[in-house]
Amino acid sequence: MNNFKIGDKVTAIYKTGKYAGEITEFRPEHYLVRVLAVLKHPMQGDLHNPKDADVGIFHERRALAYREQANIPQKMVKPFAEDIPDYFESLRIAVDRFKEELKEDSTAWAKHSLQNIETLENDYFK
């Protein structure tokens, strides 16, 4: 276990998304982390069948919101030494990066994911 303190800047991985934020509370096997920036947008689709478009429900996965708090397993939290970027700028960069990756992939999963991310993008940046 890291020797974190309340308010320490960290990265946290939550359901395929990666975030920068701060620790707000300690729990037995988790940290409560307040999201301040998006470092990697979550993948789309079924978490249990990654990169598979032929699933019962192809989930639209939103990035965690600014200042949203998430219960993150301790092993998924690491120190973050950089300045935390602006949330909306970081979200834009993460979305753009994800879209570029999807455009280079010709699979059905990538095509469906690109539709999802474009819908999310319209909602995020209206």
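From the list (1) 108; (2) 120; (3) 149, can you say which value of volume of the Cα convex hull per residue in Å³ was derived from the structure given?
(1)
How much length, in nm to one decimal, is gained on full extension between Glu89 and Thr119, taken as 0.36 nm per residue of separation minus their Cα-Cα distance?
9.0 nm
Can you bin the range 30-101 into rounded, prolate or oblate? Criterion: square roots of the alpha carbon gyration tensor eigenvalues sorted a ≥ b ≥ c, rounded for a/c under 1.5, prolate for a/b above b/c, oblate for the rest.
Judged from the Cα gyration tensor, the range 30-101 comes out oblate (a/c at least 1.5, b/c at or above a/b).
Calculate how steeply helix 108-124 sits against the longest principal axis of the alpha-carbon atoms of the chain, using the helix alpha-carbon long axis, and give the answer as 0 to 90 degrees to the nearest 10.
Around 60 degrees separate the two axes.
Helix 87-103: angle to the longest alpha-carbon principal axis of the chain, degrees 0 to 90, nearest 10?
Long axis of 87-103 versus the principal axis of the chain: about 40 degrees.
Using just the helices of the chain, give the 222 nm mean residue ellipticity in deg cm²/dmol: DSSP H runs with n ≥ 4 each add -39,500 (n - 2.57), and the total is spread over all residues, rounded to 500.
-9000 deg cm²/dmol
Residues with amide H under 5 Å of Ala37's amide H, sequence separation 5 or more or different chain, H placed in the peptide plane at 1.01 Å from N; which?
HN-HN under 5 Å from Ala37: Ala20.
What lysines does Lys9 reach when the alpha-carbon gap must be under 28 Å and sequence neighbours fewer than 8 apart in one chain are set aside?
Straight-line reach from Lys9, under 28 Å: Lys18, Lys40, Lys75, Lys78, Lys99.
Just order 32-40, 78-86 by mean Cβ neighbour count inside 10 Å, highest at the front, would you?
Answer by packing, highest mean first, reads 32-40, 78-86.
No value in this document is a laboratory result; all are computed from the given coordinates. Remember, it's a predicted structure, so these values are computed and weren't measured experimentally. All Cβ positions, glycine included, derive from the backbone under ideal geometry; neighbour counts span all protein chains shown.
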